[in-house]
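The values are calculated or read from the model by the stated rules, or taken from the named source; none is laboratory data. Keep in mind the model is a prediction, meaning the values are calculated, not measured. FYI the Cβ positions are ideal-geometry reconstructions off the backbone, even for glycines, and counts take in every protein chain you see. SASA here: full protein model, heavy atoms, side chains in, ligands and nucleic acids out. Shrake-Rupley method; radii C 1.70, N 1.55, O 1.52, S 1.80 Å.
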Amino acid sequence: GRGTLGRILLGLIAMLGTSFVMGGLDRTTTFGRTLGYSLVAFTFAALVLWVVSGREGQDTAAFRWGPLRELGKVCYGVYVLQRPVEVVVGKVAEAVWSGYDRTALYTLPLLIGATFLAATLSWNLFERPILRLKHHFAVRGHPQGS
């Protein structure tokens, strides 16, 4: 049940925390490239299962917070668009400002802002209109189609 899942999640979080304390999850190490990726994946899978299994409960209320839900709508766009935005912003910035340094820390807020802007535009102009069409493709007898 949910209690067992919570204990598994806590155990995975403890292992993840221990991994960080003992040197992190450096993807250049054998552990980081193998068990490290699996540990992160299992931890987040358990977190998702835990949240879904108690989605109406008080202990998962933070996940229903409006701004976090809005962020969830654009997160796939952030994932998909982060690298193209980084390239485009870099090219434009270098053309406009000869002293632009792609590796400088000041680029981070610029890239984050541009990525979220692109993801928000993608959601509003592309993804949401397509999702409005999904009722045309409903499968008869599917539980969500009723």
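Descriptive notes on the structure:
- Residue among VAL87, VAL92, VAL52, VAL40 that alone is within 30 Å of ALA114 (Cα to Cα), at pLDDT below 90 and part of a helix (DSSP H, G or I): VAL40
- For the range 15-25, filtered to residues that are part of a helix (DSSP H, G or I) and open to solvent by 60 Å² or more (accessible area, probe 1.4 Å), the residue that is nearest to GLY54 (Cα to Cα) is MET15.
- Unique residue being part of a helix (DSSP H, G or I) and surrounded by fewer than 10 Cβ atoms within 10 Å (Cβ to Cβ) when the list is ILE130, ILE112: ILE130
- For the range 38-66, residues that are of a type in the set (A, V, I, L, M, F, W, C), in contact with a helix residue (DSSP H, G or I) (Cβ under 8 Å, 6 or more places away or on another chain) and open to solvent by less than 90 Å² (accessible area, probe 1.4 Å) total 7.
- The set of residues in the range 2-14 that are at pLDDT 85 or above, open to solvent by less than 100 Å² (accessible area, probe 1.4 Å) and over 12 Å from LEU47 (Cβ atoms) comprises THR4, GLY11, ALA14.
- Count of the range 95-109 residues, restricted to those that are part of a helix (DSSP H, G or I) and open to solvent by 80 Å² or more (accessible area, probe 1.4 Å), is 4.
- Scoring ARG69 on the criteria (1) over 20 Å from the mean Cα position of the chain (by Cα); (2) open to solvent by 90 Å² or more (accessible area, probe 1.4 Å); (3) not aliphatic (A, V, I, L, M) leaves a single failure, condition (1).
- Here is the figure for the range 26-37: residues that are of a type outside the set (A, V, I, L, M, F, W, C), over 25 Å from ARG2 (Cα atoms), part of a helix (DSSP H, G or I) and open to solvent by 90 Å² or more (accessible area, probe 1.4 Å) total 2.
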